[in-house]
1. Please check: in the Gaussian network model of chain C (C-alpha springs, under 10 Å), which one of C:173, C:94, C:271 has the largest mean-square fluctuation.
2. Relative contact order, percent, of chain C when contacts are C-alpha pairs under 8 Å separated by at least 6 residues?
3. Restricting to the protein assembly as shown, compute how many DSSP beta bridges are antiparallel as a %, nearest 5.
4. What value, in deg cm²/dmol to 500, does the helix sum -39500 (n - 2.57) over DSSP H runs of n ≥ 4 give at 222 nm once divided by the residues of chain A?
5. Report the relative contact order of the range B:230-315, percent, no decimals, based on alpha-carbon pairs under 8 angstrom and at least 6 residues apart.
6. If you count, for each residue, the other Cβ atoms within 10 Å and average over each peptide, how do A:165-173, A:9-17 line up from highest to lowest?
7. Please find the FRET efficiency linking residue B:14 to residue A:88, where r is the Cβ-Cβ separation and R0 is fixed at 56 Å, and quote it to the nearest 0.05.
8. Simple spin-label model, 7 Å along Cα-to-Cβ: residue B:154 to residue A:7 in nm?
């Protein structure tokens, strides 16, 4: 049984001159302890998918479809039940730790708030636990960190604090939205390693949003590639890397410079990303796809499952051989 | 912190010194000499005029007179009123309690009603929000003196709930007499403070750390108190401070309207009578109080916002 | 003032159809409240201009026999304690209120602009000197500064307007200085300087036009404050002197009548001030909001 099940999530945002669709039917299952990467360009709907799980979508947004966590429909919970669910089962790690912490409160307040105020735990036990966790995420001087204000700590330190706070409540599902993008390049991999380690240690499932396919491959069990508010392909990192079935996945892989293969020019995906609300009839990727056929332009394309993976492309069978990457580096994980 | 306060006090002293010179020089330059004021149009012999000039030290050069005045002020001697021959220092002492009571009362009203209205409007939204927005637009446009006259007309003349004039005796009498003036004085500031508080609360409500706290399952009441209202109080402190500091001078209008015997009405009367000794003294006191209030606000701000680095002030 | 003149950003040579469209755009940006404010200000300006033509009576002459008349056929809004026609006095009162506030705003804007540009252009010691001067002025509460200037120069509309302008200059100068300073650091101004253009030319051609929107917005916002403060000075007996018709003075003069049960004069004059100030502050707000929105 899956821990989280997204069933045909659609999200429309009211806009002058008609609603705009941001998600056009996202369906996904996450098993307990499983890490799934949501990968795509900005505007593809990956962050918005996370927010529908936490129910923090923008005000006025209309969401349809079901979000089942352990069989409970998150979308239909009342305020009190939603609050309990957020306090107990979910934890969020956002992009910018500096914005996530109240600038005028000490780090200690932020850490214990999620345990004391949200879950009603005693301050003493809460403080002991977050102290242990701060040490675990690699903070040397725990006392000083607890007594600091956010502006006195570096971005990398703050994100460790956020990770500690997220892990503290032993949630069943971690929602991570580009947790390393706002950090210095030198601290990115360190923070990512700590997050990965903590997740595995506590056996938490994770939805990991990133635009970086390689990074997702390193820490996730499966990866869902999003384009224009839809999942276009799901598979394990190994499957996607060696034999992508969707042209967009292939182009996404090619557009990343590889350390092993030297290419004279870096291939780029032609055209510009299409927003979900701009998509007409037919395949959303049709406007940029080098392998386009006439039938791609009419009728919605279904997500077809098979071989333990899924793809949303009319021509995936015909192109199977053509999309295989010969120079694909070995991927472990 | 202590060093910051000491440095600011030093700056305030310097400002006061320069201000005192400007105030004294301005009164010196003003048309109408003190001796002609003293003789009040009577024809007096040159000998009498000369003796008056010596008596009041008017025969000395400007800088010497300024020096005498300044050293006097520093020892608590503000000179003598030209109009009433009263000692200015004791005149001030008898007038200050009324003004102090009036401004403190008004400041309390600003904090209680302005901030509370803004917080409630910002947190709740809806019809209440619209009401506060509308009320603050109108309140802002009502001049203090018109609010005074309006309140007097409704609550003192028509309804008879409050006395029209005077400062009253005893604590309850004083409060009763000062209520309408304090409301009139506070009204425009309440409007501004309510508006800005509301904006600050709405902005704070939309910040990421607030939605992060909510997404962690922290109850709304706690988030509203600890994150939204507390953080919104930073800009609100500044605006409340500016408005409370402005009461120092604004009180003059209300004291004049309600014929209260504060230092504001003393200033107005003195300007009209060209009683420059009193004008100088009141102006200096007002500048000093204004400076102290502003200093207190800055210190308060540094206390509530940990990001303010007082040590870096001099840079 | 019409809705069209407020646009201010459209080029002069526009076709009539574009002009209509821009006019409609302005109306939409102003919103219903903004349009009402523009209409009110237009009516006030008309009243002030046409007061001698449309006022039914001489504002300064009344007869004791006709004192405290209730509104009626002869006197639409009634009469005051001297038997003077209130409507006529209100119409003439618009003149002193509007011209007084206009003088304050113009002088404050001029003084503030000059100080800001001088400080920005010369920088260094001059900038520090201007900064000290402004700090010193900031040490005085607004109203106290105005009262002191009146004490030196005497009472009257002109003196009161100058006094308030002095009190407003530091605020105007501080805002404009920061805007001008930001502008001066931009590449194109630096380039003009490197080309050897004189400071006067660069300031006039590049800095001034770029801080012009801020000058305009500041003036619009100050107008409401200036009306209130000017009326307050008149109320205190330090501004416009009797028998001149002025709203602030009328509120003050009506206070005695009000205590005797004739609130008409004070309330009408006060209401005029409130409506006018509200209209100007709405316009200032819209103007400021639009500029700020356009720059964000």
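Here, each number is a calculation from the coordinates, and none is a lab measurement. Keep in mind that what you see is a predicted model, and the values were worked out from it rather than measured. As a convention, Cβ positions derive from the backbone with ideal geometry for all residues, glycine included, and neighbour counts pool all protein chains shown.
1. Sorting by GNM fluctuation, first place goes to C:271.
2. Details: 404 pairs, mean separation 61.3, N = 296.
The normalised contact order for chain C reaches 21 percent.
3. Numbers: 29 of 47 bridges.
Percentage antiparallel, nearest 5: 60.
4. -10000 deg cm²/dmol
5. 31
6. Order by mean packing, descending: A:165-173, A:9-17.
7. Numbers: r = 60 Å, r/R0 = 1.07.
Approximately 0.40, to the nearest 0.05.
8. 5.9
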